[in-house]
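Beneath this line is the structure, given in structure tokens, with notes to follow.
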Amino acid sequence: MADQPTVERTAASDGASAAAEARPRPRRLTAEARKSSILKAARQAFVETGDMNGTTIKQIAERGGISEGVIYRHFESKDQLFYEAVFEPLRQAVDELVAATDVVDLDEPLTPERQLEALNGLYRRLIATLEEILPLLGLVLFGDPKVARRFYRKHFTVAMDRLAEAWREVEDRYGFEFESPDISARAVMGIALVLALETRHNDLFNKDRAVTLVSRSTVKGFFPALEPTRRRR
């Protein structure tokens with residue numbers, strides 16, 4: 001009988017070990033997923049402090065539940081982390097919009113009605129993204145002038161130029177000469193930014209009405225009405 005507690009403890013230990021082995025181990029994040037989680041933690045930390053210089057890598061690591069070393073494996077510096085934390089959502093949005101532009105008339109020609117529908121979706125995507133990053137966008141664009149200039153040239157300008165090139169290719173498919181796609185892209189981005197500010201700060205603002213109106217105005221003002229029969233390729 002003296003050995004019974006030992007046997008029971010051994011059985012319990014074996015049972016616990018078996019249960020532990022049966023539990024699925026948490027999957028390790030891929031490098032891309034880890035980077036994305038770091039950027040999310042960084043955005044939260046930067047917004048909380050309201051100051052890039054006053055936010056430390058340690059604070060970001062604590063917010064993300066990781067070590068500082070993990071952050072430095074993905075980002076060379078806090079500046080790089082800050083830029084990407086601000087720009088990543090906008091880059092993703094532009095990626096999606098460019099991809100959508102590539103296939104917008106894949107199945108059927110782009111009629112004026114479908115062109116208007118596409119612009120409506122574009123504005124909604126840009127507004128939602130800009131609204132999400134407004135606090136950080138304000139920090140980077142209206143903070144240190146050198147930081148603002150670097151960010152604007154390296155990131156914001158590139159995003160607008162990518163949209164401009166995508167639209168130029170669509171217009172070219174229908175035989176139009178798009179004289180200033182770069183200016184049109186900047187006008188659209190500017191409108192989306194103001195509507196994002198209205199959405200975030202004006203409780204009386206009717207976003208649906210505004211998006212409908214600016215989409216119509218954009219078609220009339222920046223883009224010629226497309227004739228499906230003119231499609232060349």
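Annotations for the structure displayed:
- Residues of the range 128-152 that are in a helix (DSSP H, G or I) and of a type in the set (Gly, Ala, Ser): Ala128, Gly138, Ala148.
- Residue list for the range 190-212, restricted to those being out of contact with any Phe, Trp or Tyr (no Cβ under 8 Å at 6 or more places or on another chain) and assigned to a helix (DSSP H, G or I): Gly190, Leu193, Val194, Ala196, Leu197, Arg200, His201, Lys207, Asp208, Arg209, Ala210, Thr212
- Among residues of the range 190-218 that are in contact (Cβ under 8 Å) with a residue 60 or more places away in the chain, those with a beta-carbon under 7 Å from a residue that is part of a loop (DSSP other than H, G, I, E, B) at least six positions away or on a different chain give the pairs Thr199/Phe205.
- Residues satisfying the stated conditions in the range 136-174, i.e. surrounded by 15 or more Cβ atoms within 10 Å (Cβ to Cβ) and of a type in the set (Phe, Trp, Tyr): Phe151, Phe156, Trp167, Tyr174
- Candidates are the residues of the range 66-76 that are without any contact (Cβ under 8 Å) to a residue 24 or more places away in the chain and part of a loop (DSSP other than H, G, I, E, B); the one that is most open to solvent (accessible area, probe 1.4 Å) is Glu76.
The values are calculated or read from the model by the stated rules, or taken from the named source; none is laboratory data. These figures come from a predicted structure and were not determined experimentally. As a convention, Cβ positions derive from the backbone with ideal geometry for all residues, glycine included, and neighbour counts pool all protein chains shown. These area figures cover heavy atoms from the full protein model, side chains too; ligands, DNA and RNA do not enter into them. Shrake-Rupley method; radii C 1.70, N 1.55, O 1.52, S 1.80 Å.
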